[in-house]
Amino acid sequence: MGADVNFADVEIKTGNLDASKLEISDRTKLISPVHYSGQPADLKEFSEIAEENDLKLFEDGAHALGATYENKRIGSLKYSEMAMFSFHPVKHITTGEGGIIVTNDVEYYEKLQLFRSHGITKNNLVNESPGDWYYEMQELGFNYRITDIQCALGISQLKKLDTFVKSRKRIAKRYDEIFEDNPYFDVTLEKENRESAYHLYPILLKDKFTNHKREIFAKLRQEGLGVQIHYIPVYKQPYYQKLGFKNDLCPVCEEFYKREISIPMYPTLGDEDIEFVKDKLFKVISEFD
Ligand SMILES: *Cc1c(COP(=O)(O)O)cnc(C)c1O
């Protein structure tokens with residue numbers, strides 16, 4: 001879009017964008033927080049900052065389908081103008097590929113429809129119509145259309161969303177119980193007025209283990225645990241390095257990256273699997289005590 005991006009730091013307790021760390025300049029147009037791991041970011045605080053500085057607020061809800069903030073689902077748009085959801089296979093529900101954007105602004109709605117379909121429309125014509133065949137390409141758009149076949153899958157998946165999210169919450173609650181006060185790692189904090197949809201279950205290694213994270217990670221995988229790290233700080237990616245971002249731009253994010261491991265989280269994870277995860281985690285990490 002020709003816009004520049006900048007990054008702001010996160011909170012160590014949630015991994016979410018930290019409202020107190022935003023640097024707003026007179027070129028800033030938009031704040032776009034991710035609801036990391038499925039826990040809604042501080043929408044109220046972000047919307048206050050947006051209002052004071054005449055900015056837009058767009059939510060990246062890819063982790064947060066089915067999550068709630070002040071008892072309303074993410075996508076209700078009480079505090080923002082847009083929220084996006086992804087239906088990539090790893091997300092809560094899938095259409096194979098694809099996603100949706102919800103908006104409460106008619107102008108954005110029409111722009112998005114143009115953008116999705118080559119910038120072509122039969123509505124709100126710029127020139128006078130010479131006949132019924134007429135259409136106009138008004139903007140540079142692309143083919144970002146989801147197929148009807150994918151939508152059919154999405155509609156049937158949507159019916160299962162509540163049971164999927166319920167399972168994820170049950171698993172998270174069980175993890176919370178068995179990991180309470182353990183000597184190896186902390187779990188993230190669930191803040192007030194919101195409920196996570198638990199796309200991920202991140203754990204944060206205690207400081208004394210972080211120097212061994214590479215070996216811990218490799219051993220967990222050897223033991224059969226499908227662990228992953230979410231995420232490499234975006235500004236460390238070669239594309240952003242080429243744009244001139246410093247390698248240690250956000251100190252809290254650096255710490256989060258050093259400590260974080262995502263452990264298995266999916267709706268069919270059973271009680272025995274949860275015990276297996278715990279046993280392997282405690283066994284592998286305790287070797288480095
Ligand atoms: C998956 C994901 C995306 C990208 O979704 P696409 O469907 O690939 O466009 C964006 N943001 C977050 C946080 C995601 O998890």
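Please treat every number below as a calculation from the coordinates, not as lab data. Model, not experiment: these values are computed from the prediction. Positions of Cβ are backbone-derived with ideal geometry, glycine not excepted, and every protein chain shown enters the neighbour counts.
Structure data summary
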| read-out | value |
| --- | --- |
| The chain - Rg (one decimal) and Dmax (whole number), Cα, Å | 21.6, 78 |
| Degrees between helix 213-222 axis and first principal axis of the chain (Cα, 0 to 90, nearest 10) | 90 |
| Within region 110-207, GluC sites (Glu not before Pro) in DSSP loop having at most 10 other beta-carbon neighbours inside 10 Å | GLU128, GLU180, GLU192 |
| Rel. contact order, % - alpha carbon contacts under 8 angstrom, at least six apart, the chain | 18 |
| Given 13 as the ceiling on other Cβ atoms within 10 Å, longest exposed-site-free region of the chain for trypsin sites (Lys or Arg not before Pro) in DSSP loops | 161-245 |
| Magnitude of the charge dipole, the chain, Cβ model with Lys/Arg +1 and Asp/Glu -1, debye to 20 | 880 |
| Those Cys residues of the chain for which no other cysteine Cβ falls under 4.7 Å | CYS151 |
| Euclidean distance of C-alpha centroids, region 43-72 and region 152-201, integer Å | 20 |
| Value at 222 nm in deg cm²/dmol, rounded to 500, when DSSP H runs of n ≥ 4 in the chain each add -39,500 (n - 2.57) | -10000 deg cm²/dmol |
| Sites ASP162 and ASP248 - FRET efficiency at Förster radius 35 Å, r taken between beta-carbons, to 0.05 | 0.25 |
| Region 161-289 - percent relative contact order, Cα under 8 Å, separation 6 or more | 35 |
| Against the rule of thumb 2.2 N^0.38 Å, how large the Cα Rg of region 130-289 comes out | 1.42 |
